[in-house]
Amino acid sequence: MTSAFTRPALVCNSQSGSHDEAVLQQIVERCRAAGAPLAVTFALPDDDIPDANELKRQSIDLLLVWTGDGTINAAASGAAGWDGAVLPLPGGTLNLLSKALHGDRPAPDILTEALAGKGRRTPVPIVRSDAGDAFITVVAGPATRWAEVRETMRQDGLIEAAGAAPDALDAMLNAPGVRVAGQEKTYPAIILTPTEQGLRADGILTEGTADVLRHGLAWLGGDFRDGPSEELAAGETIILESERPISLEYDGELRETSSPARFAIGASAVDFIATS
């Protein structure tokens, strides 16, 4: 078998709770079988995420990023200016970018198709702001406290997460919300999604006990976008406002920005491989 790529490299995290040595060996074997053995493996946390200069120095033409969405974001951002392509593989908790590009499929199967040239190479729409770029979503507002509960549950277990849940619930219900500039209604969180047509803003709904429960389950058990919401705005630029600094979740990583905050549609500075 002849691969569409010749010098792939792998970024993984050997200390991640999602790391699986059996899957790692499958990735190594699929590359070898395609005639494109891994040129180098960057194993976090001991190794650094390679930047564009390092990828060029090692003549890498395909960067496999088998980690969570936050690390994929960091790897793709650091690779700006490199002429290769990034292949996100599901190796984290939610794997939202991998699912968007490949569907919900195992990493070795995605890799086999990409190496066979069955994927398409393309930049992806992203959210740009002073706080950074997001390749999947920006969640803005006090309800992002649920992300801390989810991380506590992942690292320390359900009992510890249960202790943090009341604070997240109080923030979602009582902390000053966030709104789209020019609109009056505030929300515990507004989700900004980059699309081919521009940015879309959706406000999460917590108008009753059922809504609150569904959001809690969505944040803890999977995709936070599964909770009830309503579309608020769409366009090339969206400005959010709040009475306090705005808490953010960028592709799974927590940040904060001052109010008002401007978000704009953009395109990734590096190409991705999509197989679905």
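The values are calculated or read from the model by the stated rules, or taken from the named source; none is laboratory data. Source: prediction; values computed, not measured. Reconstructed Cβ throughout: ideal geometry from the backbone, glycine too, with neighbour counts over all protein chains shown.
Assorted remarks:
- Odd one out for ALA74 among (1) closer than 19 Å to GLY252 by Cβ; (2) among the aliphatic types (A, V, I, L, M); (3) surrounded by 21 or more Cβ atoms within 10 Å (Cβ to Cβ): (3)
- Of the criteria (1) at pLDDT 95 or above; (2) in contact with a strand residue (DSSP E or B) (Cβ under 7 Å, 6 or more places away or on another chain), which one ASN13 fails: (1)
- Some residue of the stretch 205-228 being under 24 Å from GLY132 (Cβ atoms), at pLDDT 80 or above and surrounded by fewer than 16 Cβ atoms within 10 Å (Cβ to Cβ): no
- Of residues in the stretch 35-50 being touching a Phe, Trp or Tyr at 6+ places or on another chain (Cβ under 8 Å) and surrounded by 15 or more Cβ atoms within 10 Å (Cβ to Cβ), the one nearest to GLY81 (Cα to Cα): PRO50
- Residues located in the stretch 23-34, provided they are crowded, with 17+ Cβ neighbours inside 10 Å and farther than 27 Å from THR93 by Cα: ALA34
- Residue list for the stretch 260-276, filter: among the hydroxyl-bearing types (Ser, Thr, Tyr) and modelled with pLDDT of 95 or more: SER268, THR275
- Residues in the stretch 50-86 that are at positive phi and touching a helix residue (DSSP H, G or I) at 6+ places or on another chain (Cβ under 7 Å): GLY81 only.
- Where ALA233 falls short, out of the listed (1) at pLDDT 85 or above; (2) under 16 Å from the mean Cα position of the chain (by Cα): (2)
- Close pairs (9 angstrom Cβ cut-off, 6 or more residues apart or separate chains): free of Cβ contacts under 8 Å to residues at least 60 places away in the same chain in the stretch 60-83, outside any helix (DSSP H, G or I) and basic (Lys, Arg) anywhere: ILE60/ARG7; ASP61/ARG7
Okay, residues lined up against (1) within 22 Å of PHE5 (Cβ to Cβ); (2) among the aliphatic types (A, V, I, L, M); (3) surrounded by fewer than 23 Cβ atoms within 10 Å (Cβ to Cβ); (4) in contact with a Ser or Thr (Cβ under 6 Å, 6 or more places away or on another chain):
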{"residue": "LEU97", "(1), (2), (3), (4)": "yes, yes, no, no"}
{"residue": "ALA100", "(1), (2), (3), (4)": "yes, yes, yes, no"}
{"residue": "LEU115", "(1), (2), (3), (4)": "yes, yes, no, yes"}
{"residue": "ARG120", "(1), (2), (3), (4)": "yes, no, yes, no"}
